[in-house]
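Just below is one structure, and these are the notes that go with it.
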Amino acid sequence: MALELINVHKHYPTRMGRKIILHGACGRIARGEKVGILGRNGSGKSTLVRMLGGVEAPTKGLINRTMTISWPIGMAAGFSGQLSGADNARLIARLYGRDIQKITEFVADFSELGDYFRMPMMTYSSGMRSRLALAVSLAVDFDCYLVDEALAVGDTRFGRAFAEKIEKSGLILVSHSPALVRRLCTRAAVLDQGILTFYDDLDEALATYNAL
Amino acid sequence: MSFREEVALTLRGARMQRRVIGALIIRELHSRFGQHYFGYIWLFFEPLLLGSAIGLLHYLSDHSAIFGPFEFFAAGYILYFIYRGILNRATIAIRSNLHLLYHRTVTLPDIFFARHLIETISCIGVMFVFMFALFVVNGVMVEDPTKIILAFIGMALLTQGLALMAAAATEAMEGVERAVHAFTYLTLPICGMFFLVEWLPESLQELALYVPMVHLFELMRDGQFGSRFQAHYDIGYVAAWILVTHLLGLAALRITRQRLGLE
């Protein structure tokens, strides 16, 4: 059970010509691994996350998934603002074929939104939105969590619950913050100018990144 | 992969797609109307009210040549409403549902299938209410309800094929959205809502039958009062249109999906 990248290319057409995000990336992330992916702003991290999550297609190459991977968990991507938190939780339970009642109860309890749980998500503060997003993703239970940096996993009840969860499953954390990667991951890769390099040694990855 | 494995994989895919479409239908109902019952009533009453209003206008302006002008135009409008509703909404369907694509089980066609099912079922429901009301008021029963339902399903499928193409074109080019809206109105006079093929001069009949919608209006009216006129339709011709538009539309959406950048 793993996530495999086989010679993955990604580029976008822009007015200034072709923008290369990935140029022949290869790698394998096994189940249970906690891997950080470091990249400067604008290096294409978010695109990479969406490709790993299977919501954006590579231009060329193959991404093979033999374990369950969450949707890219960021601010609140994947949620509908017109629907209430409860309706969003139910929608996702249905989409992933999980027990609707169990998920809704877990999310209601965990997100601590109170009455807001039944209000449209567009009325939420950004903190409430990310609490809901995280609660839903924890409720669904994946082999590997795909997390975009925006998520504030500090030393809060959330942070601790999240850390506990990924302790049991795996994590791919895409971030520009070496400190966050050091805290949550056991190895890391660096994305720079279209080249994705995996390092087995976390310190080596962080040193390379800091030298960029 | 053995044949059996392939079948198992396809079945699993079909089950997943059914689950996804079911989830999207519930979501669509919620987000289109909020939590208020008024929304559900509106889904039903919009075609019924507009259909009745148009029927009434024609009834009052007395087309003495037309049998049952109210039934003729009101039912015609309800059938047209499927076409207009599905095609006009197609242009915004992708943009307003982008966030759903963050869940990899959701495909672009699923989003359309879910919407179209809602639209079609509500319009068929409206048609039933309408036919029942006419039966109660006038004591006249339509001649063959099966043909009417078939016409609605045919119209939904034909429009679905066109909608898939329109949605892909909207993503590929600017301005398509406006063109689609203009198209649905410009096709109104030629789609068959206002005429029977047999009313047309012979030279125009042949031309009119190139328009696939005309066949569906004829089919519906054949079900309404087929014994009183000579219906002209060819289900095979409509089926060919449905098949070709679906193939082109689905292929175009596949390309669209690969190019689609999520935020």
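Could you tell me whether A:Leu38 is assigned to a strand (DSSP E or B), under 14 Å from the mean Cα position of the chain (by Cα), surrounded by 21 or more Cβ atoms within 10 Å (Cβ to Cβ) and within 14 Å of chain B (Cβ to nearest Cβ)? For A:Leu38, the condition - assigned to a strand (DSSP E or B), under 14 Å from the mean Cα position of the chain (by Cα), surrounded by 21 or more Cβ atoms within 10 Å (Cβ to Cβ) and within 14 Å of chain B (Cβ to nearest Cβ) - is not met. Every condition in (1) within 9 Å of chain B (Cβ to nearest Cβ); (2) touching a Phe, Trp or Tyr at 6+ places or on another chain (Cβ under 7 Å); (3) small (Gly, Ala, Ser) is met by A:Ser70 except one, and the failing one is (1). Which of (1) out of contact with any helix residue (DSSP H, G or I) (no Cβ under 7 Å at 6 or more places or on another chain); (2) more than 16 Å from B:Phe113 (Cα to Cα) does B:Ala14 not meet, given it meets every other one? It fails just one condition, (2). Annotation for the range A:38-61: at least one member residue is basic (Lys, Arg) and touching a Phe, Trp or Tyr at 6+ places or on another chain (Cβ under 9 Å).
Pairing residues of the range B:181-196 that are in contact (Cβ under 8 Å) with a residue 40 or more places away in the chain with residues that are among the hydroxyl-bearing types (Ser, Thr, Tyr) and assigned to a helix (DSSP H, G or I), at Cβ distances under 6 Å and at least 6 apart in sequence or on separate chains, gives B:Met193/B:Tyr80. Does the range B:59-72 contain any residue that is aromatic (Phe, Trp, Tyr), within 19 Å of the chain's Cα centre (by Cα) and closer than 23 Å to B:Gly192 by Cα? Within the range B:59-72 (the criterion being aromatic (Phe, Trp, Tyr), within 19 Å of the chain's Cα centre (by Cα) and closer than 23 Å to B:Gly192 by Cα), the answer is yes, since at least one residue qualifies. Of the listed requirements (1) in contact (Cβ under 8 Å) with a residue 12 or more places away in the chain; (2) within 14 Å of chain B (Cβ to nearest Cβ), A:Met128 misses just one: (2). Against the test of being surrounded by fewer than 19 Cβ atoms within 10 Å (Cβ to Cβ) and within 14 Å of chain A (Cβ to nearest Cβ), the options B:Arg178, B:Arg257 yield a single qualifying residue, B:Arg257. Out of B:Ile86, B:Ile121, one residue alone is assigned to a helix (DSSP H, G or I), in contact with a helix residue (DSSP H, G or I) (Cβ under 8 Å, 6 or more places away or on another chain) and among the aliphatic types (A, V, I, L, M). It is B:Ile86.
Only one of the numbered conditions (1) more than 8 Å from chain B (Cβ to nearest Cβ); (2) at pLDDT below 90 is violated by A:Gly61, and that is (2). Determine, yes or no, whether B:Phe225 is in a loop (DSSP other than H, G, I, E, B), farther than 30 Å from B:Leu108 by Cβ and touching a residue at least 60 places away in the same chain (Cβ under 8 Å). Against the criterion (in a loop (DSSP other than H, G, I, E, B), farther than 30 Å from B:Leu108 by Cβ and touching a residue at least 60 places away in the same chain (Cβ under 8 Å)), B:Phe225 does not qualify. Is it true that some residue in the range B:46-64 is modelled with pLDDT of 90 or more and closer than 30 Å to B:Gln17 by Cβ? No: zero hits.
Filter the range B:100-126 down to the residues that are among the β-branched types (Val, Ile, Thr) and farther than 20 Å from B:Lys147 by Cβ, then identify the one that is farthest from the chain's Cα centre (by Cα). Among them, the one singled out is B:Thr105.
Only one of these is surrounded by fewer than 21 Cβ atoms within 10 Å (Cβ to Cβ), within 14 Å of chain A (Cβ to nearest Cβ), under 21 Å from the mean Cα position of the chain (by Cα) and assigned to a helix (DSSP H, G or I): B:Ser52, B:Ser96. Name it.
Values: B:Ser52 fails: within 14 Å of chain A (Cβ to nearest Cβ).
Sole residue among the options that is surrounded by fewer than 21 Cβ atoms within 10 Å (Cβ to Cβ), within 14 Å of chain A (Cβ to nearest Cβ), under 21 Å from the mean Cα position of the chain (by Cα) and assigned to a helix (DSSP H, G or I): B:Ser96.
Flag not set for B:Leu248, criterion: within 14 Å of chain A (Cβ to nearest Cβ), assigned to a helix (DSSP H, G or I) and either under 22 Å from the mean Cα position of the chain (by Cα) or among the hydroxyl-bearing types (Ser, Thr, Tyr) (or both).
Limited to the range B:104-128, what total is found for residues that are of a type outside the set (D, E, K, R), surrounded by fewer than 21 Cβ atoms within 10 Å (Cβ to Cβ) and within 14 Å of another protein chain (Cβ to nearest Cβ)? The number of residues fulfilling the criteria is 2. Give the number of residues within the range A:7-30 that are within 14 Å of chain B (Cβ to nearest Cβ) and in contact with a Lys or Arg (Cβ under 6 Å, 6 or more places away or on another chain). Qualifying residue count, the range A:7-30: 4. Of everything in the range A:73-102 that is among the basic types (Lys, Arg) and within 22 Å of A:Asp143 (Cβ to Cβ), the residue that is farthest from the other protein chains (Cβ to nearest Cβ) is A:Lys102.
What about B:Val197, is it of a type in the set (A, V, I, L, M, F, W, C) and crowded, with 17+ Cβ neighbours inside 10 Å? I'd like the intermediate steps shown before the answer.
Details: of a type in the set (A, V, I, L, M, F, W, C): yes; crowded, with 17+ Cβ neighbours inside 10 Å: yes.
Spelling it out, B:Val197 is indeed of a type in the set (A, V, I, L, M, F, W, C) and crowded, with 17+ Cβ neighbours inside 10 Å.
With respect to A:Ser125, determine if the residue is over 20 Å from A:Arg50 (Cα atoms) and of a type outside the set (Asp, Glu). Taking the combined requirement at face value, the residue satisfies it. Residue count for the range A:149-182, restricted to those that are surrounded by 14 or more Cβ atoms within 10 Å (Cβ to Cβ) and at pLDDT 80 or above: 12.
The values are calculated or read from the model by the stated rules, or taken from the named source; none is laboratory data. Treat the numbers as computed from the prediction; the structure is a model and nothing was measured. Here Cβ is always computed from backbone atoms with ideal geometry, including for glycine, and neighbour counts include all displayed protein chains.
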